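Scroll down for the structure; my scribbles are underneath it.
The values are calculated or read from the model by the stated rules, or taken from the named source; none is laboratory data. Quick caveat: nothing in here was measured; it's all calculated off a predicted structure. Ideal geometry is used to build each Cβ from the backbone, glycine not excepted, and the neighbour counts take in all protein chains shown.
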Ligand code: COA
């Protein structure tokens, strides 16, 4: 089975990160597959919403660190950057179902989702600074706007992990849902969105999202800083520590 699975039901395209033995850490090939599925969803009038989830009890452990290491000298080619831009301009509703770990881009991609449901065991973390990196996906703009600067400082500078209840309290997730109901809830809500008058829904969503150009500009600024950081000794040290932790 491939590392990203896309399936359709009730006007909803479900995208599942399916690399459970690596906590669904996202490789370049996986980003490409996710982008392709999003393109398909956006171009198909029969699809009204998209769900995102991870297989095997994790959402995603973020970007694959081995991919970071392999591409560190040519980061401008990272499919991750294309995925992030694709997310920011994606025009149909996105509904996420999060269980287990949601690290790095696993959390920042949620800032682009319309509805987010989390299992009680969900753990979110934005470890960019600890990895010698800077946030991506517009998180430096979207997170303070969502949770306030004080809390965003804890999450982005101190990189404190937070659980599902805290995420709900902060307004980062819509509801904490028991494991056995999580996927069904996300699907039902996506199906409800898909059944709404399409043009009104999409126009309303667009209005609620505010200034897209400002977001894209911030994503580009973050990407520049991120690419420079990837080549830094700070990042090299942090990645080496991760890779060598079991040796
Ligand atoms: N990139 C590459 N491989 C990863 C990964 C990542 N981001 N996250 C997890 N994995 C791999 C582990 O190396 C391990 O592989 P192995 O069994 O071949 O050794 C496997 O996934 C399971 O991970 P493990 O660390 O054993 O699970 P855990 O439950 O103890 O911890 C995490 C889960 C997510 C907390 C931990 O794996 C982690 O911190 N990962 C890095 C997260 C990160 O920094 N992401 C980048 C953000 S920019």
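Residues that are at pLDDT 95 or above: which helices (runs of 4 or more DSSP H) entirely in region 187-247 hold 3 or more of them?
198-209, 212-230
Out of 132, 106, report the one residue that is out of contact with any helix residue (DSSP H, G or I) (no Cβ under 9 Å at 6 or more places or on another chain), within 21 Å of residue 81 (Cα to Cα) and in contact (Cβ under 8 Å) with a residue 24 or more places away in the chain. So the residue among 132, 106 that is out of contact with any helix residue (DSSP H, G or I) (no Cβ under 9 Å at 6 or more places or on another chain), within 21 Å of residue 81 (Cα to Cα) and in contact (Cβ under 8 Å) with a residue 24 or more places away in the chain is 106. Being within 12 Å of the ligand (Cβ to nearest atom), modelled with pLDDT of 95 or more and buried (at least 17 other Cβ atoms within 10 Å of the Cβ) is a property that residue 136 has.
Among residues of region 215-244 that are farther than 20 Å from residue 89 by Cβ, those with a Cβ under 8 angstrom from a residue that is at pLDDT below 95 and surrounded by fewer than 14 Cβ atoms within 10 Å (Cβ to Cβ), sequence gap 6+ or separate chain, pair up as 227/76; 231/73. Number of residues in region 7-33 that are more than 16 Å from the ligand (Cβ to nearest atom) and under 16 Å from the mean Cα position of the chain (by Cα): the value is 5. You will find that of 68, 83, the residue that is touching a helix residue (DSSP H, G or I) at 6+ places or on another chain (Cβ under 8 Å), within 16 Å of the ligand (Cβ to nearest atom) and modelled with pLDDT under 95 is 68 and no other. Among what's in region 100-133 and is part of a loop (DSSP other than H, G, I, E, B) and within 13 Å of the chain's Cα centre (by Cα), pick the residue that is surrounded by the fewest Cβ atoms within 10 Å (Cβ to Cβ). Selected residue: 114. Just wondering, is there one or more residues in region 168-178 that are in contact with a helix residue (DSSP H, G or I) (Cβ under 7 Å, 6 or more places away or on another chain), more than 23 Å from residue 87 (Cα to Cα) and not in a loop (DSSP other than H, G, I, E, B)? Looking through region 168-178, at least one residue is in contact with a helix residue (DSSP H, G or I) (Cβ under 7 Å, 6 or more places away or on another chain), more than 23 Å from residue 87 (Cα to Cα) and not in a loop (DSSP other than H, G, I, E, B).
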